[in-house]
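Novice: Before I ask anything, let me first share the structure, which is written out below as structure tokens.
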Amino acid sequence: MKKPICAAASAALLLCLPGCLFGSESSATYHGRYVSEEQMLRVDVGAGEQEVEALLGSPSNRSDLGDGKALWTWHYTRTEKRSSHVFLLLASQHEDNYEGTVYVRFDKGKVEKVWRS
């Protein structure tokens with residue numbers, strides 16, 4: 001009679017363990033001046049420098065291109081970390097870094113072009 005109870009208890013325990021036996025995590029962090037796609041889309045051609053700074057924040061760099069033209073950039077690095085494990089057998093960690101820049105080119109203080117690379 002003890003064997004069926006032990007087998008049933010063991011089966012119940014094994015059904016509850018998969019959440020503990022296997023697992024994974026992921027996270028993303030940004031460093032620098034990240035500008036989201038939504039923020040970028042709010043910048044209209046013809047907008048002034050103050051409006052752009054209010055929408056996107058202070059740029060990482062401002063360059064005077066001469067002839068009334070200027071180029072502002074917002075540079076960032078995104079780090080993605082992923083880890084997974086199988087209880088007592090296998091564990092892995094992976095990290096990827098992506099760099100990006102948002103550019104806004106001005107002509108006489110007004111937005112001429114906005115893009116990301």
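The values are calculated or read from the model by the stated rules, or taken from the named source; none is laboratory data. Fair warning: this is a prediction, and the values are worked out from it, not measured in the lab. No Cβ is skipped: glycine too gets one built from the backbone with ideal geometry, and neighbour counts run over all protein chains shown.
Novice: Within region 73-88, identify whether any single residue is loosely packed, with under 12 Cβ neighbours inside 10 Å and out of contact with any strand residue (DSSP E or B) (no Cβ under 8 Å at 6 or more places or on another chain), and answer yes or no.
Specialist: Initially, region 73-88 is screened for residues loosely packed, with under 12 Cβ neighbours inside 10 Å, giving 86, 88.
Now drop any that are not out of contact with any strand residue (DSSP E or B) (no Cβ under 8 Å at 6 or more places or on another chain), which leaves 88.
For region 73-88, residues loosely packed, with under 12 Cβ neighbours inside 10 Å and out of contact with any strand residue (DSSP E or B) (no Cβ under 8 Å at 6 or more places or on another chain): present.
Novice: Given the conditions (1) of a type in the set (S, T, Y); (2) under 19 Å from the mean Cα position of the chain (by Cα); (3) exposed (fewer than 11 other Cβ atoms within 10 Å of the Cβ); (4) under 20 Å from T29 (Cβ atoms), and given that S117 satisfies all but one, which numbered condition is not satisfied?
Specialist: Only one criterion is unmet by S117, namely (4).
Novice: Out of the residues in region 25-47 that are of a type in the set (V, I, T) and exposed (fewer than 14 other Cβ atoms within 10 Å of the Cβ), state the one that is modelled with the highest pLDDT. Give the derivation first.
Specialist: First, pick out the residues of region 25-47 that are of a type in the set (V, I, T): 29, 35, 43, 45.
Restricting the remaining residues to those that are exposed (fewer than 14 other Cβ atoms within 10 Å of the Cβ) gives 29, 45.
Numbers: T29: 88, V45: 97.
Filtering first and then ranking leaves V45.
Novice: From the set of residues in region 38-78 that are among the acidic types (D, E) and in contact (Cβ under 8 Å) with a residue 40 or more places away in the chain, which is nearest to G109 (Cα to Cα)? Can you show your working first?
Specialist: If we filter region 38-78 for residues that are among the acidic types (D, E), which is where we start, we get 38, 44, 49, 51, 53, 64, 67.
Keeping just the survivors that are in contact (Cβ under 8 Å) with a residue 40 or more places away in the chain gives 44, 49.
Values: D44: 13, E49: 6 Å.
Of everything passing the filter in region 38-78, E49 is nearest to G109 (Cα to Cα).
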